[in-house]
Structure formats: structure tokens, C-alpha cells
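Here the structure comes first, spelled out in C-alpha cells, and everything after it is commentary.
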Amino acid sequence: MTRRISILLIFALILLTPHFTFADDNFDQHFTLSMLMGVFGETVVHKRETFNMPMKILVGAAIGTVPGIIKEIGDSTDGDNYFSETQVLYDAMGSVVGSIIAYKYNSRTKVNVSGSDGGAKISLLYSY
């Protein structure tokens, strides 16, 4: 039951957070793209046995936030634009949500690769 509630809360945050923004800004794009980068970041570090669960999520979120920070630094050098701390906040929120989702998924997924006679067999196992 707790797992279902946490999944519902995560999806509610994903769906509702971009709607609490100003209509003329691209906060939803920052949130969504950083969420995808958070998934990527956590997936990259997930198999590291030296990291515990909070460290995997935090490192994945940090990796997911970096592209948004780089974009804002680039925006600050543009004459008509500025560095937006609010957009960086949305980057961070999106990457944390993406990292949590990836951790939940990656913790239940196992990939097996075996090879014989010049061929390879790859199997993906997801436990419910």
C-alpha cells in the first residue's frame, strides 16, 4: 500500500508541478528535461556498490541538474536574457523526481548477458 501511495505522489508531482508556473516561462520544459536527465544520472550510478540508496538518488539528481545550470549560465551571457534561479529550482525538482523514479525501477530490474558460439543472449527481468 505504501508503494502505491508513493508512486501516486510521484506522478501527481510530475503532472501538477509544471502547472504552478507562470504562463510565459518554460518551467515545464526545465522540469521535464531535468527529470529525464535525473533518470539517466541515476541509471548511470545505480550499479555502483559503493553508493547507498540516498547517495545514488542525490548523485543522479546532481547529474540531472547540470544541463539546466549550464543553460542558465548561457542565458546570463545573452543580452536579452538572465540567469533564473527559479528555473534552476525546477531543474533540481525534476532531476530529483526522475532520480527517484529511476531508482525504484532500476532496483527491480536485472539484466543478464550471456554469449556462446559467436552469439549473445540478453535478458531483462523486472520483478513486481
**Prompt:** How much length is gained if the chain between MET55 and ASP80 is pulled fully straight, taking 0.36 nm per residue apart and subtracting their Cα-Cα distance, in nm to one decimal?
**Reply:** 5.2 nm
**Item:** Dipole of the range 64-128, positive end: most advanced residue of SER116, ILE70, GLY98 [Cβ charges, Cα centre]
**Value:** SER116
**Request:** Taking every Cα atom in the range 30-128, find the radius of gyration and the maximum pairwise distance Dmax, and write them in Å.
**Result:** 17.3, 61
**Request:** List, in order, the whole-Hz ³J(HN,Hα) value for each residue of the range 59-68 obtained from phi through the Karplus relation with A = 6.51, B = -1.76, C = 1.60 and θ = phi - 60°; use x for Gly and Pro.
**Result:** 5, x, 5, 5, 4, x, 7, 4, x, x
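In the range 38-83, what is the volume of the convex hull around the alpha carbon atoms, normalised per residue and reported in Å³? Intermediate values should be presented prior to the final figure.
On the way: hull volume 2.8 nm³, N = 46.
Dividing the Cα hull volume of the range 38-83 by its residue count gives 60 Å³.
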**Asked** Using alpha-carbon positions, what is the distance between the centroids of the range 30-51 and the range 66-111, in Å?
**Response** 10 Å
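No lab work stands behind these numbers, since they all come straight from the coordinates. The shown structure was predicted, so the numbers you read here are calculated from the model rather than taken from an experiment. Glycine also receives a Cβ, built like all others from the backbone with ideal geometry; neighbour counts cover every protein chain displayed.
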